[in-house]
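In what follows, a single structure is set out as structure tokens and then discussed.
The values are calculated or read from the model by the stated rules, or taken from the named source; none is laboratory data. Computed from a predicted structure; not experimentally measured. Cβ placement follows ideal geometry from the backbone for every residue including glycine, while neighbour counts extend to all protein chains displayed. Keep in mind that these areas ignore ligands, DNA and RNA; they rest on the heavy atoms of the full protein, side chains included. Shrake-Rupley method; radii C 1.70, N 1.55, O 1.52, S 1.80 Å.
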Amino acid sequence: MSLLQFIVLLFLFSSCLAQDKEEKAYAIPIPKESKDITADNFVEKVVAQIQHYDKEPMYFIRPLQNNCVYELLVNDYPVYKDYGIEKLATPIEINHAILKSGSQTVTVRLYPLGDALQRAYGEGEMVTTLLPKTEMKVSVVKYEAFNISQDLDDEIVVKEHTAPTKEGTNEFIGAGLPYYEYTFTFNAEVPYSNEGWLDGQDLTKFDKEELEKKVLNYYKMYKQLYVNKKFDQILRLEFDQELRICKSLYKDENGIVKIWNEYKNEFDFEKKEYQSIENYEISFYGNNKIVCLKFPSKEPVDRRHRGKGAFWFKYKNDENGPTRARWTNIYLYIPKGQSLDLLQTIP
């Protein structure tokens, strides 16, 4: 072996040791598939794994509510929330919550108006229970070839569902309650298949206090990655999740570059002030295979944080700009056969 070869091997060995040391320092396991992800190759690595098809069907939800605020989940994965009274004009993309073809479940969570009328019009009483005239209609629609045309005439209504009423009346079945939840199903046909969190364990079977301790520690370590500007490390943690989303949305290179720029812009924000991770509730999604820390959705709530992720920071777009806030949802799971110490970001 030449001296040059020896030096190269020594350099590679030292680099591996340094990376392992860095990963252990933050105590966050990184999937083997993303250990070599960096800011320089993120776009290239995602693009290489995206398949395209003659038809790339996209599914959307169109909600229409009256006398309530709401949250929507697809396959027990959060896709949208609205705590105001405005009617949504554009539909909500849901492909990222559809892992593969077959039956899909929509969950509708309804909450009382609270002070939504006061905030919108400057008058009105605090509403603490769901009203008899509460209404919710959800339409699931599909574009068979979204990559070819996005014309409204191409929209196919897959399923329409209305919130249940009391038998023989038009009165909402959950009238008088502080919260009501119901589900319905629809069938989806997609050309891709993502494993996602399906191989995860039922997290409610772990000791609750120990699980919360591990989740909170993960959030704190994740926060330190941001504080210490460990950009590559965060990209490695998020890579599988972003890859799943890009596959389900059939992203091209331009779309993936936009995602990359969003990450980069978040790191470039001026004067970030990371906030304490507190006043949260531990929440389960994905049929108990996903866990996260979030601010409460049910009253009483802090309007600024309602239903948002417990990891957040204040920032400025530029030195002299207004102070803003950014909340991030960190969804975690544990693959089957793994211990609680291997809690990781969902793929």
Relative contact order (%) - criterion: Cα under 8 Å, at least six apart; region: segment 173-314: 27
Accessible carbon and sulfur surface of the chain relative to its total accessible area, %, 1.4 Å: 49
Heavy-atom surface of the chain, accessible at 1.4 Å and reported per residue (Å²): 52
For the Cα atoms of the chain, what angle does the longest principal axis make with the long axis of helix 208-227, in degrees from 0 to 90, nearest 10? 60
At most 15 other Cβ atoms within 10 Å and a DSSP loop assignment: could you name the GluC sites (Glu not before Pro) in segment 93-137 that fit? Glu123, Glu125
Rg/Rg_ref, the chain, where Rg_ref = 2.2 N^0.38 Å and atoms are Cα: 1.11
Considering only DSSP states other than H, G, I, E and B, which trypsin sites (Lys or Arg not before Pro) in segment 255-303 qualify as loop sites with at most 16 other Cβ atoms within 10 Å? Lys298, Arg303
By how many degrees, 0 to 90 and rounded to 10, does the Cα axis of helix 231-248 deviate from the longest principal axis of the chain? 50
Starting from the Cα of Lys230, draw a straight line to each of the lysines and keep only those under 16 Å, dropping any in the same chain fewer than 8 residues away. Lys21, Lys24, Lys35, Lys220, Lys264, Lys272
Which lysines have a Cα lying under 18 Å from the Cα of Lys133, excluding residues fewer than 8 positions away in the same chain? Lys87, Lys166
If the cut-off is 19 Å between C-alpha atoms, which lysines fall inside it for Lys258, apart from same-chain ones fewer than 8 positions away? Lys45, Lys247
Length-normalised contact order of segment 40-178, Cα under 8 Å, at least 6 apart, in percent, tallies to 27
Please compute the contact order of the chain in relative form: average sequence separation of alpha-carbon pairs under 8 Å and at least six residues apart, divided by the residue count, as a percent. 20
Run the helix sum for the chain: -39,500 (n - 2.57) per DSSP H stretch of 4+ residues, divided by residue count, reported at 222 nm to the nearest 500 deg cm²/dmol. -8500 deg cm²/dmol
Apply 1/(1 + (r/R0)^6) to the Cβ-Cβ distance of Lys35 and Phe284, taking R0 = 45 Å, and write down the FRET efficiency to the nearest 0.05. 0.95
With +1 assigned to the C-beta of every Lys and Arg and -1 to the C-beta of every Asp and Glu, and no other charges, what is the dipole magnitude of segment 221-347 about the Cα centre in debye, to the nearest 20? 280
